[in-house]
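The values are calculated or read from the model by the stated rules, or taken from the named source; none is laboratory data. Computed from a predicted structure; not experimentally measured. Don't worry about glycine lacking a Cβ; one is built from the backbone with ideal geometry, like all the others, and counts go over all protein chains shown. Protein only, heavy atoms only, side chains kept; ligands, DNA and RNA dropped before computing areas. Shrake-Rupley method; radii C 1.70, N 1.55, O 1.52, S 1.80 Å.
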Amino acid sequence: MGYEEENFKWSDSECLENYVDWDSPACEGIDLTYLFEHGYARLNVGTRDNRAPHKAGNFPTATGKCHFRIDDATNFVAGPFRQMYDGFQPGEPLDSLPDYVASREMPQTNPELAKRFPLNIISPKSHGFLNSCYANIDNKLKAQGDQFVMISAANADLRQIQQGDTVRVFNDRGGFDAKAQSTEDVSPGIVVATLGYWRQRNNGTVNCVSSAEFVDMGHAPTFTDNLVQVEAIR
């Protein structure tokens, strides 16, 4: 992809060497060799009974105090999510004070869209896969089960959807097929479908309905800001 910076060429061990501040007091007595030998280590940060890291302030600000207002702040993506690469940060100006930012796709902010796609979809991880890894392995698929969508009984009845029906979950961006689970475990107006399945198994995936828009800070994805419709496949 044209990335020639040295940190994109690091091995796993080199990533650990560079990601961790081994000289920090929290790492006293811990090094990479110890981790390789033991598998884990508890940082020297105190216990739940005595840990108070900011008792005397020590925040990473000009005054050492916690600032609720920060002037001239700009948007950024945290280093660990970019292999500690600091180039090409977004840099858009941020409001000095944190504030509520409404979802783009909800009845209150986009009523016309909500008329066509009235259900908000939440897509948690699948227990049987690692994102989409292993989703082609028979024993993993057997343990995870078919792609499902959990829908409230009220929303299912409104659409004449029965337990176990094959349904289509969709919006203008795409869709996927799933087995309906009518349940009281989700509230009306919400559906839940786990991610990770391969699109050839279900005529699409959960990601097919996702927006490519960023959140307001950090350029994170908006996987839970997506309205959909659910219809039974007759």
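Reducing segment 174-221 and segment 101-156 to their Cα centroids gives an inter-centroid distance of 3 Å.
Site pair Ala153 and Glu213 shows an inter-label distance of 3.4 nm when each label is modelled 7 Å from Cα along Cα→Cβ.
Only DSSP H runs of four or more residues enter the estimate; each adds -39500 (n - 2.57), and after division by the residues of the chain the mean residue ellipticity at 222 nm equals -4000 deg cm²/dmol.
Gyration tensor analysis over the Cα atoms of segment 10-82 returns equivalent ellipsoid semi-axes of 29, 21, 9 Å (largest first, whole Å). Straight-line cross-link reach from Lys142 at under 28 Å between alpha-carbon atoms covers these lysines, not counting any fewer than eight positions away in the same chain: Lys125, Lys179. Size descriptors for segment 1-140 (Cα atoms only): Rg and Dmax, in that order, 22.0, 60 Å. Within the shell defined by Cβ-Cβ distances under 15 Å, the residues around Ser132 carry a net charge of +4, with Lys and Arg each +1 and Asp and Glu each -1. Scanning the chain for chymotrypsin sites (Phe, Trp or Tyr not before Pro) lying in DSSP loops with no more than 11 further Cβ atoms inside 10 Å, the longest uninterrupted stretch between such sites is 101-234. With a sphere of radius 15 Å drawn around the Cβ of Val209, what net charge do the other residues whose Cβ falls strictly inside it have (Lys, Arg +1; Asp, Glu -1)? Spelling it out: positives minus negatives among the neighbours equals -1. Among the trypsin sites (Lys or Arg not before Pro) in segment 36-117, those placed in a DSSP loop whose Cβ has at most 16 other Cβ atoms within 10 Å are Arg42, Arg48, Arg51, Lys55, Lys65, Arg69, Arg104.
For Glu105, no residue whose modelled amide H falls within less than 5 Å of its own remains once neighbours fewer than 5 places apart on the same chain are excluded. Each label was represented as a point 7 Å from its Cα along the Cα-to-Cβ direction; for Asn18 and Asp49 these points are 4.2 nm apart.
Taking amide hydrogens as placed 1.01 Å from N in the peptide plane, the amide H of Thr183 sits under 5 Å from those of Ile151, Ser152, Ala153, each at least 5 positions away in sequence or on another chain. Based on protein heavy atoms only, the chain ends up with 68 Å² per residue of surface accessible to a 1.4 Å probe. Figure legend: label point modelled 7 angstrom from the Cα of Asn131 along Cα→Cβ; residues of segment 169-212 with amide N under 17 Å from it are 194-199, 205-212. Give the label of the value calculated from the structure for mean projected area of the Cα convex hull in nm², choosing from [x] 15.2; [y] 12.3; [z] 18.9. Among [x] 15.2; [y] 12.3; [z] 18.9, the one derived from this structure is [z].
Under 26 Å of direct C-alpha separation, and excluding same-chain neighbours fewer than eight residues apart, Lys65 reaches these lysines: Lys55.
Summarised in one figure, the compactness ratio Rg/Rh of segment 87-145, Cα atoms and Kirkwood Rh, is 1.21.
With coordinates expressed along the principal axes, the C-alpha atoms belonging to segment 115-192 extend over 38, 26, 19 Å, beginning with the largest. Based on the Kirkwood approach, the hydrodynamic radius assigned to segment 136-234 is 14.2 Å, with every pair of different Cα atoms included. If you wrap segment 181-232's Cα atoms in a convex hull and average its projection over all directions, what's the area in nm²? The directionally averaged projection comes out at 4.9 nm².
I'd like the carbon and sulfur percentage of the solvent accessible area for segment 1-144, probe radius 1.4 Å, heavy atoms only, ligands and nucleic acids excluded. Carbon plus sulfur share of accessible area: 54 percent.
The value of relative contact order for the chain, using C-alpha pairs under 8 Å at least six residues apart, is 18 percent.
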